[in-house]
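The values are calculated or read from the model by the stated rules, or taken from the named source; none is laboratory data. Only a predicted model underlies this, so the values are computations on that prediction, with no experimental measurement involved. Every residue, glycine as well, gets a Cβ built from its backbone with ideal geometry; the counts of neighbours run over all protein chains shown.
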Amino acid sequence: MQEEVTRSVAEGGTPTHRLGVLGWPVAHSRSPAMHNAALAAVGLADWRYQRLPVPPRLFEETTLALALALAGFLGANVTIPHKAAALAVADEAGEAAREIGAANTLTFAEEGSISAENTDGPGLVEALGDGARGRSALVLGAGGSARAAVWALQRAGASEVSVWNRTPERAEELARAFAARRVPAPEPADVLVNCTSVGLAEPAGRAPSGARLERSATEDCALNQLGMTFDQLGEYGYVVDLVYRPGSTPLLAAAAAHGARTVDGLEILVAQGALSFELWTGRPAPRELMLAAARALPS
């Protein structure tokens, strides 16, 4: 087991049951805060959730070791860049994971077998509510989160789902897999879902979150990286950004300035995390508490 995971396993005492989030990088994750708050709230005092930084070359080895009851691990969430690998390493997979082609939730059985599920898609369906039913949707991105978003939008009753990515071949592959439509550039739709990492970091030279948005895009502007300008955001009535960070992302700030309904990445994080929590514990997840815990972390 690599040094980073060994150090993570040693954090914070010796709980009987462990959960975690496997990713690279994973230091920014707010999942430990929301899950530990939820575990305490439902009386699981001997459970703990932690970060598990694992580079891609060690993902399979590490996951198999965790499944063999290393330090009492019962399961783990999986984030970038391991979601496809998580499905591949599993012994069995749920319907959503199979249909999406990626997993974000692993459950470890006593004998060491691994079950995979995807709560990203169902979590997005939950967060959308009836916002996508009968409406057209555009997904930005073509990775594992975008696959989950296309699946979710179709499950939520979207009338048409389009996909845009800076690499057209990847967008075409995703669109073909789900019978969606690839578009060469972002175009108007009722619902916009950003599944890229654009907006995670504040671009160099930009004003801090909450400052007035410039209405002309430059080459280093976050909106421009998405192939969009400020004015284009007025073409979407409902904007979802899977990115979460303190304050608002440039995409959501621009959408809000146009009066669009918005859903931020923390709401999606909590929705999918709550479903994972319920899979592992068999108990209803305290969603409002989880959201408050995730939002309460300092920037």
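Numbers below:
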item	result
Filter result for Glu61 (more than 24 Å from Ala175 (Cβ to Cβ), among the charged types (D, E, K, R) and not assigned by TED's automatic domain parsing to the domain that holds Ala177)	yes
Residue satisfying all of: in the range 116-162; under 28 Å from Leu106 (Cβ atoms) and acidic (Asp, Glu); nearest to the chain's Cα centre (by Cα) among these	Asp120
Checking Ala93 against (1) outside the structural domain of Leu66 (by TED's automatic domain parsing); (2) at pLDDT 95 or above, the condition it does not meet	(1)
When residues of the range 121-153 are limited to those that are without any contact (Cβ under 8 Å) to a residue 60 or more places away in the chain and touching a strand residue (DSSP E or B) at 6+ places or on another chain (Cβ under 6 Å), the one nearest to Thr79 (Cα to Cα)	Ala146
The listed residue being outside the structural domain of Asp46 (by TED's automatic domain parsing) and of a type in the set (A, V, I, L, M, F, W, C), out of Ala76, Ala67, Ala171	Ala171
